[in-house]
Structures are given as C-alpha cells and as structure tokens.
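Every number in this text was worked out from the coordinates using simple rules, so none of it is lab data. Worth saying up front: this structure is predicted, and the values here are computed from it rather than measured. For neighbour counting, all protein chains shown are included, and Cβ atoms are generated from backbone atoms with ideal geometry for every residue, glycine included.
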Amino acid sequence: MFTKVSILGAMYWLNKENMFRVTQILNTPAHRKQEVIQEITSAWQTFWNNSTKARRLYTILPDVAEKTELKLTSTVDFFTS
C-alpha cells in the first residue's frame, strides 16, 4: 500500500509541476511518470531484498516487477477459466 500511495502522491505533484514535492517523496528528482514508477519500484525491490520476512515467498518471487505482472495475469486467468 505504501508503494501505491507514494506513486499517487508523486504523480499528483508531478502533474502540478511541483518538482520539489516529487523529490521529497522519491528522495531523487523525477520529471516523467516512468521515472516515478521506476524509482518507487527500485525502492520496493531494495526493501524486499533486505527484509527478513516472507523468505519462502521471496524464493518464488524475488523480483517485485514479476509480482505485479503475476497479479494481473492471475486475475485474467481467474476470469477466463
């Protein structure tokens, strides 16, 4: 949920062209939507790599980008099965 809130907050300030607030949220400057998503995903990946919780799940899904893609595919599979 933190990731979603961070993306929404950074996107809000990006649309308002307030780069100071975007930098506050991301701890690095970003000027495009893709840069915001990349920075948040990178922070999430670092947190996931350093966490001591859910290590069994980590062995299956070590990359958070795969986790987000899997969520979409599983939903499609659920509705089409």
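Scanning the stretch 19-63 for residues that are part of a loop (DSSP other than H, G, I, E, B) and among the aliphatic types (A, V, I, L, M) turns up A30, A54, L61. If you take the residues in the stretch 4-20 that are closer than 12 Å to V36 by Cβ and over 18 Å from the mean Cα position of the chain (by Cα), which one is surrounded by the most Cβ atoms within 10 Å (Cβ to Cβ)? For the stretch 4-20, the residue satisfying everything is M19. Among the residues of the stretch 1-44, just one is in contact (Cβ under 8 Å) with a residue 12 or more places away in the chain, aromatic (F, W, Y) and farther than 22 Å from A65 by Cβ, namely W13.
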